[in-house]
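J.: Below is one structure. I have some questions about it.
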Amino acid sequence: MISAIILAAGKSTRMGQPKMLLPWGDTTILGKVIETIRAAEIEDILVVTNSEIERHFTNQSPRIVQNDSGEMLSSIQLGLQSQKPAAEAALICLGDQPQIEEGSARSVCEAFQKSKSNLVVPSYRMRRGHPWLAARPLWDEILGMREPETMRGFLNRHNADILYVECNTPAILQDVDNPDDYSKYKPK
């Protein structure tokens, strides 16, 4: 089983307000990411978020883990620690990437299922993007990481082990960090 970890605990300082709750079509930024991951047929979805965002979830929402620190590494670690025993891999998704396409997430998961590679990363024009997948054999290493280590450093260390999946969309590289990004990417 592949589980998705959606990282949504950031403090949104550049946005000036909780960006995960900003409107995106008929939902929110975070709601759109959840919809896309569900459409990719990933049944187990875990959202790592802060207490402010958590209040907006209902019983029908994905599983929630709270991380008020907002740091990416600690959010990934909490997500991995909260995985079900049947999870053989985790798809690491950005909560502020609502333009991600179902096909990109599905391609990463299918590449893992065919290859059983421990790291599967989407790329667009030779640039790594999200969502990327880490198989269970790598989780202990990630759980042992400490600041100032970063996931970028982790991926760089394992570059030779990565199975890259070419995606024909720049959406895997684009997230919504500030008001300009929001204006640029939001549906009209």
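J.: Describe numerically, in nm with one decimal, the distance between label points set 7 Å from Cα along Cα→Cβ at THR27 and at TYR185.
T.: Here the modelled spin labels are 1.5 nm apart.
J.: Packing-wise, with mean Cβ within 10 Å as the measure, how do 169-180, 95-106, 149-160, 33-44 rank, highest first?
T.: Details: 169-180: 17.6, 95-106: 21.8, 149-160: 12.6, 33-44: 19.1.
Descending packing order for the listed peptides: 95-106, 33-44, 169-180, 149-160.
J.: In nm, give the distance between the simple-model label positions of GLN66 and MET145, each being 7 Å from the Cα along the Cα-to-Cβ direction.
T.: So the label points at GLN66 and MET145 sit 2.6 nm apart.
J.: Once Rh is set to the Kirkwood radius over Cα pairs, what Stokes-Einstein translational diffusion coefficient, in µm²/s, holds for the chain at a temperature of 25 °C and a viscosity of 0.890 mPa s? Provide the component values of the computation, followed by the final result.
T.: Values: Rh = 16.5 Å.
Rounded to a whole number, D works out at 149 µm²/s.
J.: Would you mind calculating the gained length between ARG14 and HIS158 on full extension (0.36 nm times residue separation, minus the Cα-Cα distance), in nm to one decimal?
T.: Details: separation 144, 0.36 × 144 = 51.84 nm, distance 3.05 nm.
Length difference between fully extended and current span is 48.8 nm.
J.: Quick one: putting +1 on the C-beta of Lys and Arg, -1 on the C-beta of Asp and Glu, what dipole do you get for the chain around its Cα centre, in Debye to the nearest 20?
T.: Details: 21 positive and 24 negative charges, 54 e Å.
So the magnitude is around 260 debye.
J.: Also, I was wondering about something else. Please compute the net charge surrounding ALA134, taking Lys and Arg as +1 and Asp and Glu as -1 over other residues with Cβ under 12 Å from its Cβ. Walk me through the intermediate numbers first.
T.: Values: positive: ARG136; negative: GLU88, ASP140, GLU141, ASP161.
So the environment of ALA134 carries a net charge of -3.
J.: Further, regarding this structure: Around ALA89, which amide H atoms from residues at least 5 apart in sequence, or from another chain, sit under 5 Å from its own amide H, with H modelled in the peptide plane?
T.: Those lying under 5 Å, H to H, from ALA89 are SER3, ARG136.
J.: Which of the lysines could be linked to LYS114 by a straight reach, that is with a Cα gap under 20 Å, when you skip same-chain ones fewer than 8 residues away?
T.: none
J.: Dipole of the range 2-185 (Lys/Arg Cβ +1, Asp/Glu Cβ -1, origin at the Cα centre): which of ILE45, LEU155, SER75 lies farthest to the positive side?
T.: Toward the positive end, the furthest listed residue is LEU155.
J.: Would you grab the residues whose amide H sits under 5 Å from the one on VAL165? Only those 5+ places off in sequence or on another chain, please, with H modelled 1.01 Å from N.
T.: Result for VAL165 returns VAL121, SER123.
J.: Which ordering of PHE57, PHE112 is given by a fewest-first count of other beta-carbon atoms within 10 Å?
T.: Working: PHE57 15, PHE112 22.
With the fewest neighbours first, PHE57, PHE112 line up as PHE57, PHE112.
J.: Oh, and also: Please list, in order along the range 175-188, the HN-Hα scalar couplings obtained from phi with the Karplus expression 6.51 cos²θ - 1.76 cosθ + 1.60 (θ = phi - 60°), rounded to whole Hz, x for Gly and Pro.
T.: Going residue by residue, I get 10, 9, 9, 8, x, 5, 4, 4, 5, 5, 9, 5, x, 8 Hz, with x marking Gly and Pro.
J.: For each of VAL47, VAL165, count neighbouring Cβ atoms within 10 Å of the residue's Cβ, then give the residues from fewest to most.
T.: Working: VAL47 28, VAL165 22.
Placing the least packed residue first, the sequence is VAL165, VAL47.
J.: Next question. Run down the lysines and flag those whose C-alpha is under 24 Å from the C-alpha of LYS116, throwing out any fewer than 8 positions away in its chain.
T.: LYS84
J.: Under 18 Å from the Cα of LYS188, which lysines turn up, not counting those fewer than eight places away in the same chain?
T.: Straight-distance partners of LYS188: LYS19, LYS32.
A short reminder: the numbers here are calculations on the coordinates, not readings from a lab. Since this is a predicted model, take the numbers as computed values, not measurements. As a convention, Cβ positions derive from the backbone with ideal geometry for all residues, glycine included, and neighbour counts pool all protein chains shown.
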